[in-house]
Amino acid sequence: MSRWLPRTYLTLIYLLLYVPILVLVVFSFNDSRTGYEWGGLSLRWYEALFNNRAMVQAMWNSLWLALSAATVSTIIGALTALALHRYRFRGKKVLNGMLFIVMMSPEIVLAISLLALFLLVGLQLGYVSLLLAHVTFCLPFVVITVMARLSGFDERLPEAARDLGASDFTMTRTVLIPVIMPALLAGWLLGFTLSLDDVVVSTFVSGPSYEILPLRIYSMVRVGLKPEVNALGTLLLVFSLVMLMLSQWILLRSKR
Amino acid sequence: MRSARQQPFRTAVLILVWGWLLFLVFTPNLLVVGASVMTRDPGTFISLPLNLDAYRQLLNPLYLEVFLHSLYMAAMTTLICLLIGYPFAWSLSKVARQHQVLLIFLLIVPFWTNSLVRTYALKLILATNGLLNSALMSLGLIEEPLQMLYTEGAVIIGLVYLLLPFMILPLYAVFDDLRDDLLRASHDLGAGRFSTFIHVIVPLTLPGVLAGVMLVLLPAMGLFFVPDILGGSRNLLVGNVIKNQFLDARNWPFGAAASIVLTLAMAFLMFAHRLSKRRIGEEGV
Amino acid sequence: MKQTLLSLSNLSKQFDGKTVLDSLDLEIFDGEFITLLGPSGCGKTTLLRMMAGFEHPDEGTITLGGQDLTHTPPENRPLNTVFQNYALFPHMSVFDNVAYGLKMEKRPKDEIRERVEDALAMVQLEDFARRKPHQLSGGQQQRVAIARAVVKRPKMLLLDEPLSALDYKLRRTMQVELKRLQRELGITFVFVTHDQEEALSMSDRVVVLKDGHIQQLGTPREVYERPANLFTARFVGETNFFPGRVDSANGDDTITVDVFGLKRTFRKPDFAVSDGQALHVLLRPEDIRVLAPEEDDGVSGKVVERNYKGSTLDSVIHLEDGTEVLASEFFDEDDPTFDYRLGEPVKVSWVDGWEWLLPDEPAPAAEDDTVDA
């Protein structure tokens with residue numbers, strides 16, 4: 001195979017992947033009302049965005065939800081990974097299987113099953129139902145990230161700590177957690193992003209009391225074009241990019 | 001074995017994890033299975049008696065047509081992703097190591113970007129007076145704007161755009177594992193390029209292909225917001241049907257039955273993936 | 001009489017129904033260097049882990065200086081371990097690794113610094129205190145692991161195949177170093193290895209283990225020269241096993257044995273012998289004499305292999321009945337050209353009194369190649 005053919009091909013596909021995003025960013029600074037032709041540089045859509053109180057509220061709601069969902073799923077996910085890694089117990093395979101099913105099953109299946117559960121137990125749809133749902137779909141990703149770190153982890157390290165006089169708890173605090181910290185941070189960031197991005201599950205389990213950003217965007221873009229969405233999308237893009245670079249940086253640094 | 005009393009940490013963790021998964025994964029899925037064999041009820045969503053009406057309704061020509069159309073669009077999406085992704089992953093694995101990290105990074109940036117926003121960006125391009133039509137017209141290639149938005153093609157483009165990285169990443173993983181010495185050995189034993197491709201490369205990358213198919217085909221039937229934004233009312237996915245049954249039509253048994261069919265499809269694909277991995281001597285996931 | 005430090009009695013352990021230790025008794029003396037030697041899966045690592053507290057016996061007790069330790073968690077035992085792959089904490093500096101155990105004891109900061117510096121000086125790593133483990137070579141990591149374990153001044157140091165990851169030359173250096181440390185510190189060392197050469201050269205006493213049973217317990221010399229059974233003889237060093245048959249038991253504490261048709265007179269062994277009984281005559285390769293074919297003494301054979309080993313010439317000789325004999329002869333300074341041709345006819349003999357007799361055993365069960373649990 002000659003060298004330029006694969007390179008040209010790669011470049012072409014990357015271009016196709018990024019053109020829509022570039023268009024979005026460029027149009028977010030467009031002064032035109034119609035959203036199709038160029039009307040000069042302007043920040044009016046950013047202004048409109050921040051003057052829209054419902055929108056700002058949805059942003060805060062989403063941020064808070066993503067923060068709490070990522071944190072809770074990181075805690076539970078890390079504990080699960082530790083239990084799977086350290087302990088032998090009955091039903092380990094079942095536990096693993098359930099996590100795998102959550103990760104692989106179509107989001108919509110998870111969404112309706114959770115909706116059915118929340119209605120059955122009479123849970124008011126809102127922040128709590130969103131949190132439970134988001135933690136559930138983030139959980140397997142955190143578990144996998146932490147497990148990957150633990151699998152490269154020397155089994156003897158916890159024993160060495162115990163041998164030198166550390167109790168189980170002290171060992172966890174001084175050895176286990178510092179060693180898996182990069183994975184915890186990466187898992188947290190992944191959970192944060194997944195939660196911030198989710199449309200499918202949230203559509204089913206959110207209520208009018210707690211409007212979140214993706215659903216607000218969804219209701220805006222279903223009909224016609226809304227230039228504010230360009231501005232919002234650009235902001236989200238920058239935000240995700242920062243988060244992604246942060247997580248990559250953490251993972252790369254820990255490998256050295 | 002030490003008793004639970006001596007390991008409070010272990011006990012607490014196991015209770016928490018099991019509790020969470022039983023309450024939020026196991027029970028809900030059981031509820032869906034239960035709902036699918038019950039009767040529709042406008043007040044309480046579902047009620048007795050048990051029956052298979054919902055599954056019979058799936059075979060109703062009206063819905064069957066929607067399902068087949070959804071399956072067709074998902075299959076096309078998967079095929080296009082595979083056709084684009086296979087050479088892409090191959091080329092990517094040939095790039096110098098230090099550049100691969102950056103290229104992979106560029107590939108997952110979109111994955112970390114809000115998918116609604118990206119779908120919306122496609123709308124900007126595909127709209128009747130959107131960028132693509134304007135560009136084609138100013139180049140003189142077309143006289144009249146083409147109807148691109150709200151077509152089957154638009155839905156497939158949207159799905160491919162969102163799901164392509166999920167096809168490429170598992171393929172890249174298998175190509176990355178494919179050692180050059182195997183290819184050299186094949187050439188050394190007298191196989192030409194084509195024979196090597198058919199007898200060595202294809203079997204060894206098959207698990208990646210199936211993993212990619214699994215990661216693309218199923219979401220391509222469920223991502224209801226793509227047709228909502230790009231496809232109009234005539235190009236529905238199974239996901240749209242399930243959503244409508246649950247949120248609008250309030251026909252839970254039917255929605256549940258449809259989602260069980262999706263789950264079974266997932267189980268089938270996972271099984272095929274496992275089988276292909278076992279064939280080349282790797283443990284299933 | 002030496003004082004017992006650690007006493008293991010009647011220890012049994014099963015993993016998933018497989019017996020790893022079977023009613024094992026062992027006394028470890030204060031200040032000795034004792035080695036647990038055996039093939040993979042013999043139970044030596046499990047035994048060490050029980051001493052450290054990472055495993056608990058199904059039955060039996062472990063006492064240290066009269067105090068029952070059987071169910072004491074590892075953090076409360078006055079013993080420390082040097083782990084196989086060192087198990088250095090990757091996120092801590094060398095200093096913090098060594099200081100870890102003292103911090104757990106909540107020692108004052110000054111004392112910790114002083115003792116850590118001493119320990120690092122002892123292993124010649126004073127200048128590496130600020131480094132992270134991954135910035136050290138394998139041998140240096142090994143030294144940190146040792147410093148970390150001895151800084152707590154344990155009553156006993158447990159070493160789990162600590163040299164297995166090092167290359168041959170470094171191993172030899174570390175063997176000498178470990179011996180020096182043990183002498184200087186006066187701590188009891190319990191050393192686990194599957195390398196018999198290492199065991200013989202370092203230990204005061206060697207425990208040969210197989211299938212959870214002690215096969216032999218004795219000084220390196222006893223184990224090498226007077227193996228208790230065929231397993232020990234095979235496992236420790238190379239040995240020629242010649243089939244013998246008791247011809248007659250003599251009055252003067254000797255017996256006459258028929259070996260390859262030769263009538264040789266041996267010292268009467270510890271076990272009971274009767275006329276006509278089959279037994280094994282064991283001879284180490286260095287005990288074999290290779291003679292010219294015209295000599296009267298010895299069994300005829302021919303040289304089928306010769307290996308130059310620097311200080312010795314090792315050869316394999318096929319006897320006429322097909323038995324293979326290993327011989328290892330030192331070079332004679334008077335005869336620098338000393339060598340054999342392949343196929344050269346020779347006679348094989350030995351000096352009576354250098355042999356070791358073992359009774360015939362029922363055929364051993366198939367060798368178990370399972371890994372250490």
Report yes if C:F241 is farther than 20 Å from C:L319 by Cβ and either exposed (fewer than 14 other Cβ atoms within 10 Å of the Cβ) or not basic (K, R) (or both), otherwise no. no
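Condition check ((1) surrounded by fewer than 14 Cβ atoms within 10 Å (Cβ to Cβ); (2) within 22 Å of the chain's Cα centre (by Cα); (3) touching a residue at least 60 places away in the same chain (Cβ under 8 Å); (4) farther than 30 Å from A:R7 by Cβ) across all residues:
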{"position": "B:V32", "(1), (2), (3), (4)": "no, yes, yes, yes"}
{"position": "B:V37", "(1), (2), (3), (4)": "no, no, yes, yes"}
{"position": "B:P49", "(1), (2), (3), (4)": "yes, no, no, yes"}
{"position": "B:A54", "(1), (2), (3), (4)": "no, no, yes, yes"}
{"position": "B:L62", "(1), (2), (3), (4)": "yes, no, no, yes"}
{"position": "B:L83", "(1), (2), (3), (4)": "yes, yes, no, no"}
{"position": "B:F88", "(1), (2), (3), (4)": "no, yes, yes, no"}
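In the stretch C:65-81, which residue that is touching a helix residue (DSSP H, G or I) at 6+ places or on another chain (Cβ under 9 Å) and not hydroxyl-bearing (S, T, Y) is surrounded by the most Cβ atoms within 10 Å (Cβ to Cβ)?
C:N80
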Here are some conditions: (1) without any contact (Cβ under 8 Å) to a residue 12 or more places away in the chain; (2) more than 30 Å from A:R7 (Cα to Cα). B:L79 meets all but one. Which one does it not meet? (2)
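Here's the yes/no breakdown for (1) open to solvent by 50 Å² or more (accessible area, probe 1.4 Å); (2) in a helix (DSSP H, G or I); (3) at pLDDT 95 or above; (4) more than 23 Å from A:P158 (Cβ to Cβ):
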{"site": "C:A99", "(1), (2), (3), (4)": "no, yes, no, no"}
{"site": "C:K103", "(1), (2), (3), (4)": "yes, yes, no, no"}
{"site": "C:R107", "(1), (2), (3), (4)": "yes, no, no, no"}
{"site": "C:D110", "(1), (2), (3), (4)": "yes, yes, no, yes"}
{"site": "C:E117", "(1), (2), (3), (4)": "yes, yes, no, yes"}
{"site": "C:L120", "(1), (2), (3), (4)": "no, yes, no, yes"}
{"site": "C:Q124", "(1), (2), (3), (4)": "yes, no, no, yes"}
{"site": "C:H134", "(1), (2), (3), (4)": "yes, yes, no, no"}
{"site": "C:G139", "(1), (2), (3), (4)": "no, yes, no, yes"}
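Would you pick out the residues in the stretch A:3-58 that are outside any helix (DSSP H, G or I), within 9 Å of another protein chain (Cβ to nearest Cβ) and in contact with a Ser or Thr (Cβ under 9 Å, 6 or more places away or on another chain)?
Of everything in the stretch A:3-58, those that are outside any helix (DSSP H, G or I), within 9 Å of another protein chain (Cβ to nearest Cβ) and in contact with a Ser or Thr (Cβ under 9 Å, 6 or more places away or on another chain) turn out to be A:Y36, A:E37.
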Would you call A:R162 surrounded by 20 or more Cβ atoms within 10 Å (Cβ to Cβ), at pLDDT below 85 and either within 14 Å of chain C (Cβ to nearest Cβ) or in contact with a His (Cβ under 6 Å, 6 or more places away or on another chain) (or both)? no
Do any residues in the stretch C:267-292 that are at positive phi have Cβ atoms under 8 Å from those of residues that are in a strand (DSSP E or B) and at pLDDT 85 or above, where the two are at least six apart or on different chains, and which pairs are they? C:G276/C:R245; C:G276/C:V246
Looking at A:D198, A:D168 in this structure, which one is within 12 Å of another protein chain (Cβ to nearest Cβ) and open to solvent by 30 Å² or more (accessible area, probe 1.4 Å)? A:D168
Of all residues in the stretch A:219-256, how many are without any contact (Cβ under 8 Å) to a residue 12 or more places away in the chain, at the interface with chain B (Cβ under 7 Å from one of its Cβ atoms) and in a helix (DSSP H, G or I)? 3
Can you pull out the residues in the stretch B:104-131 that are within 7 Å of another protein chain (Cβ to nearest Cβ) and within 17 Å of A:P6 (Cα to Cα)? B:L106
Return a yes/no flag: does the stretch A:113-124 have any residue that is open to solvent by 10 Å² or more (accessible area, probe 1.4 Å), among the aliphatic types (A, V, I, L, M), within 13 Å of chain B (Cβ to nearest Cβ) and touching a Ser or Thr at 6+ places or on another chain (Cβ under 6 Å). yes
Sole exception among (1) modelled with pLDDT of 90 or more; (2) surrounded by 21 or more Cβ atoms within 10 Å (Cβ to Cβ); (3) among the β-branched types (V, I, T) for C:T219, by number: (2)
Only residues that are under 12 Å from C:T188 (Cβ atoms) and in a loop (DSSP other than H, G, I, E, B): list them for the stretch C:23-57, please. C:D30, C:G31, C:E32
For the stretch A:149-158, the count of residues that are facing chain C (nearest Cβ under 9 Å) and open to solvent by 30 Å² or more (accessible area, probe 1.4 Å) equals 3
Just a yes or no: is a residue in the stretch B:129-151 in contact (Cβ under 8 Å) with a residue 40 or more places away in the chain and surrounded by fewer than 18 Cβ atoms within 10 Å (Cβ to Cβ)? yes
Grab the strands (runs of 3 or more DSSP E) fully contained in the stretch C:308-373, keeping just those with 1 or more residues being open to solvent by 80 Å² or more (accessible area, probe 1.4 Å) and modelled with pLDDT of 70 or more. C:324-330
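Restricting attention to the stretch A:174-184, does a residue exist that is more than 30 Å from C:R153 (Cα to Cα), more than 14 Å from chain C (Cβ to nearest Cβ) and open to solvent by 30 Å² or more (accessible area, probe 1.4 Å)?
No, the stretch A:174-184 contains no residue that is more than 30 Å from C:R153 (Cα to Cα), more than 14 Å from chain C (Cβ to nearest Cβ) and open to solvent by 30 Å² or more (accessible area, probe 1.4 Å).
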Any pair with Cβ under 8 angstrom, 6 or more apart, that starts in the stretch C:101-122 at a residue that is in contact (Cβ under 8 Å) with a residue 40 or more places away in the chain and closer than 10 Å to C:V151 by Cβ and ends at one that is among the β-branched types (V, I, T) and in a helix (DSSP H, G or I): C:L102/C:I112; C:L102/C:V116; C:M122/C:V150
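The values are calculated or read from the model by the stated rules, or taken from the named source; none is laboratory data. Just so we're clear, the structure is a prediction, and the values are computed from it rather than from any experiment. Glycine also receives a Cβ, built like all others from the backbone with ideal geometry; neighbour counts cover every protein chain displayed. Only protein heavy atoms, including side chains, enter the accessible area calculation; ligands, DNA and RNA are left aside. Shrake-Rupley method; radii C 1.70, N 1.55, O 1.52, S 1.80 Å.
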